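Student: Once you've had a glance at the structure underneath, I'll fire off some questions.
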Amino acid sequence: MFLSTLELKNFRNHKEIKLTFEKNIILIIGDNGLGKTNLLEAIYFVSSAKSHRTNSQDEMIRWGSDYALIRANTGSRAKGIIENDVCENKYLIELQLNHSNKIKIRLNKVAVKKKSDFVSRLPSVIFSPDDLSIIKGGPSLRRAWMDSLLEKIYPDYYQLCLRYQKILNQRNGLIKSLNNGKNHTANTMLETWDENLIKYGSEIILKRIWLASAIKDDFSRYFNIFFKSADAGLEYIYSWDRINPSNNYNTVYDDADLQFTGGKILDSMQDYKNNYNANNLILPAELAAMRAIFKEKLKQNFSRELGFKNTLTGPHRDDLSILLNGKPLKSFGSQGQQRIASVCLKFCELEILKKKLGKNPVLLLDDVLSELDRERESQVLNLIGERFQTFITTSNINYLNDFDEINSKNIKKFLVNAEGVSEIDPGQVNANS
């Protein structure tokens, strides 16, 4: 896919701008705090109806304005054409953001009622320095990353997670009201909530297992490009494979006082990645097996849940373990290895979206290259190549020369300053001249 134009009105600090992109690489240069990231946020919102920075639309509406408008023209580029892009499957996506998180969506001038009807028309992957927290942070951040990616692949995944969370909240409330499990009425009600928790939770787990399995080889391959002798891997961790904090790693997680034993997939699920339906549908036999496991683990953990007054079993406490030479990367990897791992996860995200959606996603790099040394930077740019339309923000003016050395004819440059956003003339070397 290809983003042809972007028009913003009252979005963040941008009062009214219209930008045209007819190149593969868009370089956005400017000092910090002037709105470079806001442009990438707007593009990502067109793709996902979500911000990567906030859950409140009010923050995205320009101060003193009643609404914000994002308008984007999209399409897929004809292979090999650079100067004059020919687009197929063109879309005009318009989003009006109103206060109190109200939103109006129009696709090709027709109102859209559900976000799932337009999400991933322009698939995108965004990467910022904060994404290092996927590696270094707690399990909730890795779960959120997996779920955000799965929402782009499965139109119904967001609603699935909402249903699960609603049932989980109700079950937690019921557990808090139990008196050592002796309330017969409450126990009967708990059985009903357990059935639904298992029903929706099993589907979430299976989709996540598939995702981890689908990107595992790519993650290892990409990591080896940067660190040739390293053995990097991914393993999905079930909530019921977690133990108390007396493990060997002494790592602090964000979920109560529970920690993980390391990568483990139950023997009965080993063939799941190979049997997964080509249409992304869960196979009945695998779903039945997961539900049986989930049900058994709920029974085993019930007494502990009464003590914690909380549900300890389910996908809301699972994790994606990121390993280096068989050990958790967050504890045993260097800062450089951790940063490269976060880069590799983003490349995996690009690959799986391309494969499952049949479209090349747009890549959004928010001041990421400045975090890498020159060698790693060149490796990242070589991996991107011309496969994806890529938007890169930076405050480093030297990138003008760096990118001119790579491929000046396929790069468009913009300067963001206090006056707004303006295109840098192709022959201009110094953005301030």
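Student: At 0.36 nm per residue, minus the direct Cα-Cα distance, what do residue 373 and residue 287 gain on full extension? Give it in nm, one decimal, please.
Tutor: 26.4 nm
Student: Tell me which lysines have Cα within less than 16 Å of residue 90's Cα, excluding those fewer than 8 residues away on the same chain?
Tutor: 79, 109, 359
Student: I would also like to ask the following. Would you order 193, 63 from fewest to most other beta-carbon atoms within 10 Å of each residue's own beta-carbon?
Tutor: 63, 193
Student: Taking the alpha-carbon distance from residue 299 and a cut-off under 26 Å, which lysines remain once sequence neighbours fewer than 8 residues away in the same chain are dropped?
Tutor: 166, 176, 182, 199, 207, 264, 309
Student: Now for a separate question. Return 381, 8 ranked ascending by Cβ neighbour count within 10 Å, so the fewest neighbours appear first.
Tutor: 381, 8
Student: Moving on. Can you sort 161, 344 so the residue with the fewest Cβ neighbours within 10 Å comes first?
Tutor: With the fewest neighbours first, 161, 344 line up as 161, 344.
Student: Using the structure shown, select from 216/327; 297/356; 18/413 the pairs with a Cα to Cα distance greater than 21 angstrom.
Tutor: 297/356
Each value in this text was obtained by applying a stated rule to the coordinates, not by laboratory testing. Keep in mind that what you see is a predicted model, and the values were worked out from it rather than measured. Note that we place each Cβ from the backbone using ideal geometry, even for glycine, and neighbour counts take in every protein chain shown.
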